[in-house]
Amino acid sequence: MMNDPHLSLLEDCLLGKTKALEELIQFFQPKVFSLALKFLWNPEDAEDATQEILVKVITNLGGFRRESKLSTWIYKIASNHLINIKKSKLESKQIHLRTIREELHRSQSPSVSNDAFEPASQREGDEVKEKISHLVLHVQVACTYAMLQALTRKYRMAYLLGEVFSLSSEEAGYVMGIRADAFRQILKRARTQMEEFLGKECSLTNAKNPCQCKNRIRFASKAGRIKSYLQLSEQMKRDGRWHEMKPLFPETTKLRKAAEVFRNQPKFLPKKNQLDSIRDLLNHSFPLSTR
């Protein structure tokens, strides 16, 4: 039997122990939300999907056949749900890397540049520099999540599982319901698209590339690109759960694996804990033990 740290928790859940179910939800909620947010782009859609996925997990625990780790099985449920979920308004726009490139170039022009921020650190000190750094981080997030939307759902999921969440080909293949070699082929194609785009455009992978995150602050703010992510981080700050991250790479960094741009992101959490909502839904379906 494979070594799975969650098996004892699973056994308690199958006995209907409420505390075990709550612990399971609390542990996997941020992981499911992270996948949903990167896949769907929109935080509100990701929160809804997270709740729906966790309900599926809890109500199908009895069907877990232990062919994989519990975490991998949960990713499988999440993957199936996300790939088949109804397209949002954002996704229905059919974003292409070509249109993203055009916007990146427009946002670097003098009319929408960030020149007003240049002397700010000298005039207003560390507080302003910290604010700018915070905004830069959210520009990075919004931009990279948008790039993922340019991939087909199958390629997007493969890229997230293999490159961002670092699942093995066997695990990711199981999650997506395909052979490991088929998964590797899909991942290779998705990786090529991302690496080619980031390698030519993004200064996070090459400091000489044209798109500079700081130069997009004003454009992204006016266009509403970072509003929802700022709301998430502000909520996390109020709850004491936010840990500010430094920019991904120093300016001197040479070309790196494109996946690092996606992997090194703030660990956003949903605005609300799903536990109460899920408990209510489950109690309407079947009574839970209080053991």
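Scanning region 1-39 for residues that are out of contact with any Asp or Glu (no Cβ under 7 Å at 6 or more places or on another chain), buried (at least 16 other Cβ atoms within 10 Å of the Cβ) and under 15 Å from PHE64 (Cβ atoms) gives ASP4, HIS6, LEU10, ASP12, CYS13, LEU21, LEU24, PHE28. How about region 155-174: which of its residues are without any contact (Cβ under 8 Å) to a residue 12 or more places away in the chain and not small (Gly, Ala, Ser)? Correct list: GLU170 only.
If a residue has to be assigned to a helix (DSSP H, G or I), in contact (Cβ under 8 Å) with a residue 40 or more places away in the chain and of a type outside the set (Val, Ile, Thr) to count, how many in region 58-75 make the cut? Can you show your working first?
Here is the first cut: in region 58-75, the ones assigned to a helix (DSSP H, G or I) are 58-59, 61-63, 70-75.
Subset that is in contact (Cβ under 8 Å) with a residue 40 or more places away in the chain: 58-59, 61-62, 70-72, 74-75.
Then keep just the ones that are of a type outside the set (Val, Ile, Thr); that gives 61-62, 70-71, 75.
Number of matching residues: 5.
Would it be correct to say that LEU160 is crowded, with 20+ Cβ neighbours inside 10 Å, in a loop (DSSP other than H, G, I, E, B) and modelled with pLDDT of 90 or more? No: the conditions fail for LEU160. Among the residues of region 21-39, not a single one is over 18 Å from SER277 (Cβ atoms), in contact with a Cys (Cβ under 7 Å, 6 or more places away or on another chain) and not in a loop (DSSP other than H, G, I, E, B).
Do you know which residues across region 214-238 are touching a Cys at 6+ places or on another chain (Cβ under 9 Å), in a helix (DSSP H, G or I) and at pLDDT below 80? ALA220, the sole residue that qualifies. If the condition is being aliphatic (A, V, I, L, M), out of contact with any Ser or Thr (no Cβ under 6 Å at 6 or more places or on another chain) and surrounded by 17 or more Cβ atoms within 10 Å (Cβ to Cβ), then region 179-210 contributes ILE186, LEU187, ALA190, MET194, LEU204.
The values are calculated or read from the model by the stated rules, or taken from the named source; none is laboratory data. The structure presented is a predicted model; accordingly, all values stated were derived computationally and were not measured. Cβ: placed from backbone, ideal geometry, glycine included. Neighbour counts: every protein chain shown.
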